[in-house]
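Notes follow the structure.
Just so it is clear, none of the values below were taken in a lab; they were calculated from the coordinates. It should be emphasised that the depicted structure is a prediction, and the values quoted were computed from it without experimental measurement. FYI the Cβ positions are ideal-geometry reconstructions off the backbone, even for glycines, and counts take in every protein chain you see.
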Amino acid sequence: MNIFQRVFKMGQAEAHSIADKLEDPIKLTEQGIRDLKNDLDGTLKAYAEVKAMAIRSRNDVNENKNKAANYEQKAMLILQKTQSGQLDAAEADRLAGEALVKKEECVQAAATAETNLKNFENNISSLDQNIKKLKNNISKYENELKTLKARAKVSAATSKLNKQMSQIDSGGTVAMLERMKEKVSQEEALAEAYGDISDANKSLDDEIDSVLSDSSSVKASSALEALKAKMNQPSA
């Protein structure tokens, strides 16, 4: 194995290692996001329930305060009836006293509802912070998951490229080119040798005919000039 193949093999192994290491974090992040979304669903449900209880407590506060004011008003009306002689004073005191007891009960109920309302409002504030935190974490981990998946794709592509490159036999390719160059050189030398042999195999008659062929051309040219002169035509 040449140095290039060893380098490609090392790169391939490293890419596989990166891919293996990324696989678990991706799965863990996906599971973490699912867990956070489940937590968010549960928190939103609790938030809605507490919000509903806060609304009921606020309504209880207002209702009991109104009832307390109403009982106080009734006690006053009862006492007024004694002044006009419409109701016995003892009976008026009894009924007015009962009305004031009811008023105090409503006042206490309103105070309890106000305490509950404050607690629910604190719970709502805490749940609201948790919801915001969960949403931020979900967004953060989803972005991290995208990055991890992108890194996994890059490492897989790198692994594939390194695998392809590692399968290239650069030494064999160079050797093949050298053999082709040698073969071409041999063919060129062989063609030159055949040319030399062809020249060497010319007979004496071939050499004479070659010389005479040139003389025949000269004679033909001279005859043509003579004919043209005879016919009074200008020479070429």
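Tabulated results
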quantity: Proxy reagent accessibility, fewest Cβ within 10 Å first, across 192, 72, 63; calculated: 192, 63, 72
quantity: Residue-span extension gain [residue 48 to residue 129] - 0.36 nm each, minus C-alpha spacing; calculated: 27.8 nm
